[in-house]
Amino acid sequence: MLKEEENKNFITVKHLANAGDIVAALAGLKEIYKKYGKKIIFYQWLNVQAQYYQGANHPVLDNEGNMVCMNKTTFEMMKPLLLAQEYIEDFREWKGEKVHVDLDIIRNKLFVNMPFGMIQSWSMFAFPDMACDLSKSWLSVSPSDKYKDKIIINFTERYRNTMISYFFLKEHQKDLVFSGTEKEHKTFCELWGIDVPRIELTSFLQLAEYIKGCRFFMGNQSSGWNMANAMSVPRIVEMCQFAPNCQPFVGEYNYGFYHQDALEYYFNELKSKF
């Protein structure tokens, strides 16, 4: 449960992990806002060394070129998205402040079955008063109509399913736009022989607005999918076999796959509906 601390006007939270983990944790934070009637001051610990599986590549680096969970650039890109939520008072860099809720206990002190299960549930195992209905949206933005006729795809380098082929997207490429880094975009297009434009962003709020307004979203286990999930946008997630922590089939039009036939089935179903 929440710990006492001198700040009585807000609930203070500390977090060290990356952008997707923030979006997942917001589900529980919205719930405690509803229960206690106090907005959240979210403290993010920057430049913590990223610890993933051996051989993982992560594009967020510190000034020395080391992989970190979040750097200052990513922090500034995340800030507008968090401040747009009614339950968030502020998003600040953590500099040793005492907090009510230390979400980082799930990474080094308390068993929550990480990296398995639902990423949103990890904080709820640690803090029972965060438990909520994950079929309901917890991220609110105004939809942009810029990509209203497009399917947004997003594939990072980490947590991939190596059994899947995306050659079939070539016949759909006029309907697609890609969200991700230049390297991720180049790699995906070259690997699968497709040519789709890349979305250029100034903030994650902008990306969330694009996702909210698109036909549907498809990607691997990433911050993009977590945004689509948090907004209940029709979505398809490529499941990672060795760390399946993004849960499909909760809520409407929320699909996931391990195998090729399921991928193409869900893609065609959503494309026919939206």
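The values are calculated or read from the model by the stated rules, or taken from the named source; none is laboratory data. Source: prediction; values computed, not measured. Ideal geometry is used to build each Cβ from the backbone, glycine not excepted, and the neighbour counts take in all protein chains shown.
For region 125-150, a tally of residues being buried (at least 19 other Cβ atoms within 10 Å of the Cβ) and either without any contact (Cβ under 8 Å) to a residue 12 or more places away in the chain or under 17 Å from the mean Cα position of the chain (by Cα) (or both) returns 4. Of the residues making up region 151-176, those that are more than 19 Å from Cys240 (Cα to Cα) and buried (at least 20 other Cβ atoms within 10 Å of the Cβ) are Ile151, Ile152, Leu169. Evaluating Val177 against the criteria (1) farther than 20 Å from Pro248 by Cα; (2) out of contact with any Pro (no Cβ under 6 Å at 6 or more places or on another chain) leaves one unmet condition, (2).
Of the residues making up region 17-49, those that are among the charged types (D, E, K, R) and over 14 Å from Phe75 (Cα atoms) are Lys30, Glu31, Lys34, Lys35, Lys38, Lys39. In this structure, does Asn66 turn out to be modelled with pLDDT under 95 and touching a strand residue (DSSP E or B) at 6+ places or on another chain (Cβ under 7 Å)? So Asn66 passes the test.
So, of the residues in region 26-85 that are among the β-branched types (Val, Ile, Thr) and without any contact (Cβ under 8 Å) to a residue 24 or more places away in the chain, which turns out to be nearest to Arg160 (Cα to Cα)?
So in region 26-85, the residues among the β-branched types (Val, Ile, Thr) come out as 32, 40-41, 48, 60, 68, 73-74.
Next cut, without any contact (Cβ under 8 Å) to a residue 24 or more places away in the chain only: 68, 73.
Values: Val68: 19, Thr73: 25 Å.
Of everything passing the filter in region 26-85, Val68 is nearest to Arg160 (Cα to Cα).
For region 170-206, taking the residues that are in a helix (DSSP H, G or I) and touching a residue at least 40 places away in the same chain (Cβ under 8 Å), the one that is farthest from the chain's Cα centre (by Cα) is identified as His172.
For region 232-274, the candidate set comprises residues that are touching a residue at least 40 places away in the same chain (Cβ under 8 Å) and small (Gly, Ala, Ser); within that set, the residue that is surrounded by the most Cβ atoms within 10 Å (Cβ to Cβ) is Ser232.
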